[in-house]
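Inspection log for the structure reproduced underneath, given as structure tokens.
The values are calculated or read from the model by the stated rules, or taken from the named source; none is laboratory data. All values derive from a computational prediction rather than experimental measurement. Glycine also receives a Cβ, built like all others from the backbone with ideal geometry; neighbour counts cover every protein chain displayed. Calculation scope for accessible area: heavy atoms of the full protein, side chains included, ligands and nucleic acids excluded. Shrake-Rupley method; radii C 1.70, N 1.55, O 1.52, S 1.80 Å.
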Amino acid sequence: MAVVTIARKFGAGGRTLASRIAKRLDYQFLDDVIIQELSQRARVSKNSVKDMERSAGGLLSKVISSTLSRGYMERLTGDRFGYIDEEIYVEKLREVITELAAKDNVVILGRGSQYILAEQENAYHFLLVADREARIKFMQRFYDYPDEKAYQAVMNGERRRKNLYAKLGKKNYNDASMYHMVLNMTRMSLEQAEEQICMLISSQG
């Protein structure tokens, strides 16, 4: 019975690896479940949550957060529709991840889960790193992105990651001491990383 969190530099293969680990261990990969839960609690569509995650730290979301209060938006839209900004997103994210992790046998990708579940005894935290060139090549290979799109995806992913951790009040998210294992995906394959993580989890009984 365990909870696996996978933090990663964007493009290091985190989503692909998380899915493979969940399948091999017969765990639930919670990525879509987290989005669904966030949308329900904020009373917005799943696309609104995805848009918030894609634009986190961008100029538009900062302008919206600073000019439109939550109370004003609730009065404007009524009880039927909700509102989400970066502050609400982080608030609900803590709730959702904590509650879903209590079910055990789950894999959680990113979203600061290694911080949120830092004190949970059966949670195992992994960090995937890779140099920028390797991450760009990963996006090209696995997502069929052309050169410029792959580069922009990696750069945008880095920006979103930095902003989310800032919202969580954290700056040391690449500190190796926070994790049970750090895997350099520039120097190892997805298969090797999968084997190492599953071996550690299985050895815990």
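Only helices (runs of 4 or more DSSP H) whose full extent lies in segment 1-56 are considered here, and the ones with at least 3 residues that are of a type in the set (Lys, Arg) are 14-25, 46-55.
If you go through segment 12-23 and keep only what is open to solvent by less than 70 Å² (accessible area, probe 1.4 Å) and either more than 22 Å from residue 135 (Cα to Cα) or among the hydrophobic types (A, V, I, L, M, F, W, C) (or both), you end up with 12, 17, 18, 21, 22.
Counting just the residues of segment 187-205 that are open to solvent by 60 Å² or more (accessible area, probe 1.4 Å) and more than 13 Å from residue 20 (Cβ to Cβ), which one comes out modelled with the lowest pLDDT? Looking at residues that are open to solvent by 60 Å² or more (accessible area, probe 1.4 Å) and more than 13 Å from residue 20 (Cβ to Cβ), I get 205.
Of all residues in segment 150-178, none that is touching a residue at least 60 places away in the same chain (Cβ under 8 Å) has its Cβ atom under 7 Å from the Cβ atom of a residue that is open to solvent by 70 Å² or more (accessible area, probe 1.4 Å) and outside any helix (DSSP H, G or I), 6 or more apart or on another chain.
Every listed requirement among (1) under 24 Å from residue 49 (Cβ atoms); (2) touching a strand residue (DSSP E or B) at 6+ places or on another chain (Cβ under 9 Å); (3) open to solvent by 60 Å² or more (accessible area, probe 1.4 Å) is met by residue 170 save one, (2). Pairing each residue of segment 91-115 that is closer than 16 Å to residue 173 by Cα with any residue that is buried (at least 22 other Cβ atoms within 10 Å of the Cβ) and basic (Lys, Arg), provided the two are 6+ apart or on different chains, yields C-beta distances under 8 Å for 109/8; 110/8.
Residue 26 meets each of the listed conditions (1) open to solvent by 10 Å² or more (accessible area, probe 1.4 Å); (2) at pLDDT below 95; (3) over 26 Å from residue 184 (Cβ atoms) apart from (2). Considering only segment 149-158, I want to know if a residue exists there that is touching an Asp or Glu at 6+ places or on another chain (Cβ under 8 Å), crowded, with 19+ Cβ neighbours inside 10 Å and within 19 Å of residue 15 (Cβ to Cβ). No, segment 149-158 contains no residue that is touching an Asp or Glu at 6+ places or on another chain (Cβ under 8 Å), crowded, with 19+ Cβ neighbours inside 10 Å and within 19 Å of residue 15 (Cβ to Cβ).
If you go through segment 63-76 one residue at a time, do you hit one that is at pLDDT 90 or above and in a helix (DSSP H, G or I)? Scanning segment 63-76, I find no residue that is at pLDDT 90 or above and in a helix (DSSP H, G or I), so the answer is no.
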